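One structure is given below, encoded as structure tokens.
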Amino acid sequence: MIEFIIGSSLAAAAGLNAWMPLFLLGLADRLLPAFELPSGWSWLSSDLALWIIGALLVLEIVADKVPALDSVNDVIQSIIRPAAGGIAFGAGAGSQTIAVDDPGSFFTGDTWVPVAVGVAIALVVHVVKATARLAANASTGGLAAPVLSTVEDGASFALATAAIIVPVVAGILLVGLIVVAVLVVRRTVRRRRAKKARQPETGVQT
């Protein structure tokens, strides 16, 4: 169960910021003696990977805070974030930590499962994020973009860090993210219904 929480938290973090969990996983493998990535994902901690992922992380952080450019970035990230979520789930759920003696046994025989689950989780989070961002930009003229982006980056960092160091806390944060996502979706649906109800009926009277 703890492996699923770790993987889900990392995938959700990737849905908010594609490169944050991957960068933190690589750093953890390099810097934390208690954390070790499985051999298939050890490339995340290589010098080249860390430099490239770090540069892409900075680029996404900056682009996501510029009105209009953030919407373009969300379109581009529609493929990147789910892919990053799959990698993050697979790498995180299979990593070895002090708290988990044999985490890899949770997915024995089905190595593709964690990647597929991670893709699905990151995609759902990304869709909710992008939808909420469009609505916020439309209602504030783009002024909300920097604030929302900072909150999303902070949430991604908190989820990924907790998943690596304190998985139980990551589980709590993940539940909180789910609650927020549900509230955002419900609010968006209500706004669309209210907007349709305010639109005057058109037609030709005879």
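A short reminder: the numbers here are calculations on the coordinates, not readings from a lab. From a predicted model like this one, the values you see are computed outputs, not experimental measurements. Here the Cβ positions follow ideal geometry from the backbone for every residue, glycine too, while neighbour counts run over all protein chains shown.
Assorted remarks:
- Local electrostatic count at ALA122 - Lys and Arg +1, Asp and Glu -1, tallied over other residues with Cβ under 12 Å: +2
- Each Lys or Arg adds one and each Asp or Glu takes one away; over the other residues whose Cβ falls under 14 Å from the Cβ of LEU69, this sums to -2.
- Figure legend: label point modelled 7 angstrom from the Cα of SER71 along Cα→Cβ; residues of the stretch 124-144 with amide N under 17 Å from it are 127-144.
- Charge dipole (the stretch 2-198, unit charges on Cβ, about Cα centre) - positive-most of ALA145, PHE4, PRO21: ALA145
- Cα gyration tensor, the stretch 1-54 - rounded (a/c under 1.5), prolate or oblate: oblate
- Positive minus negative residues near LEU177 (Lys, Arg vs Asp, Glu; Cβ under 11 Å): 0
- Mean Cα-pair separation over length for the stretch 2-198, i.e. relative contact order, pairs under 8 Å, 6 or more apart, %: 34
- Under-5 Å amide H pairs with GLU36, H placed in peptide plane, nonlocal only: GLN96
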